[in-house]
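The values are calculated or read from the model by the stated rules, or taken from the named source; none is laboratory data. The structure displayed is predicted, hence computed values, not measured ones. Counting neighbours? That spans all protein chains shown, and the Cβs are built from the backbone with ideal geometry, glycine included.
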Amino acid sequence: MVQIAPVKSGPPPVSGRRAGSETDARSAPLAPRVPPVWRELLLIVLFYSGYMVTRILINDPGGTDSAYAHARQIFGWERATGLDVELGLNEFLLRHQHLAFAANIFYLSAHFVVTLGVVVWLYRRRPRHYAWFRAGILAATALALVGFWLYPLAPPRFMEGFGFVDPVVHFSTPGLYSSGASTAMANQYAAMPSMHAGWAIWCGIALVTLGRQWWVRLAGVLYPATTVLVIMSTANHYVLDAVAGVALIVVSLWASWWAYRWSGRGRTAAQ
């Protein structure tokens, strides 16, 4: 007669794979979750519309006097410290009409096209990092409105007494403010901080830190560098505008990264 050994009672064995996955779940960041496309598009449209309307409504109660006074102040600081490279870049651009045309088109379009392209790339290819990158640029852009309000600033192209020349007007080429409608719908005294520089460095940080191909990382270096050269040579911004825009983005991204990291750890520990 065959005897059958008694079955031992107790909890079922846990496979190594399952145990490992539970340990990984506690230590790993949250799984990538991106909001629906329609919600993100609506958020971008509403935020940017509100940003532009607010930027237009922020006007200097005293007229443009303070904006020009701030421009003289900025240019004086830069001359005293040797940072006043804008005039030299502007004069160089004016000697090369085809280069000036390209710079004007770049200033008109790249600010929107490249930034939107990087947003789509993050959403589709780097979903784990999308939320905090999106929060960083939105926070920085909202904070920039405070700078526009507190420190209205006339761009260099308005300072003809310093020798600056607007290449859009000089060569009669397309530009961001070349039409009457765009001029009327924009606050041209909102130059500090430069969000052209800020958005460009945001794109650069995303491409350099998250890009896997060498050419993606190279584009992340070249694009913000080109943007800074363009905004100064076209007499739209000063050096200090660009520095302020870059600093604002860097601080906002750093704060956003820490906020999402802390939030993710808290939710993961609670699971």
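Structure notes:
- Odd one out for Glu91, checked against (1) loosely packed, with under 15 Cβ neighbours inside 10 Å; (2) modelled with pLDDT of 70 or more; (3) closer than 22 Å to Arg128 by Cβ; (4) of a type in the set (D, E, K, R): (3)
- Restricted to helices (runs of 4 or more DSSP H) entirely inside the stretch 195-271, those with at least 1 residues that are of a type in the set (Lys, Arg) and modelled with pLDDT under 95 are 239-270.
- Tally of residues being farther than 30 Å from Pro156 by Cα and buried (at least 20 other Cβ atoms within 10 Å of the Cβ) across the stretch 240-262: 1
- Look at (1) in contact with a helix residue (DSSP H, G or I) (Cβ under 7 Å, 6 or more places away or on another chain); (2) modelled with pLDDT under 50; (3) part of a helix (DSSP H, G or I) and you find that Ala19 fails only one, number (1).
- The set of residues from the stretch 94-110 being buried (at least 20 other Cβ atoms within 10 Å of the Cβ) and under 15 Å from the mean Cα position of the chain (by Cα) comprises just one member, Tyr107.
- Screening the candidates Leu122, Leu145 for the property of being part of a helix (DSSP H, G or I) and either modelled with pLDDT of 90 or more or more than 18 Å from the chain's Cα centre (by Cα) (or both) yields one hit, Leu122.
- Tally, over the stretch 43-78, of residues that are surrounded by 15 or more Cβ atoms within 10 Å (Cβ to Cβ), of a type outside the set (S, T, N, Q) and either outside any helix (DSSP H, G or I) or at pLDDT 80 or above (or both): 9
- Scanning the stretch 149-172 for residues that are surrounded by 21 or more Cβ atoms within 10 Å (Cβ to Cβ) and farther than 26 Å from Ala102 by Cα gives a single hit, Pro152.
- Inclusion of Leu99 among residues that are at pLDDT 90 or above and in a helix (DSSP H, G or I) is warranted.
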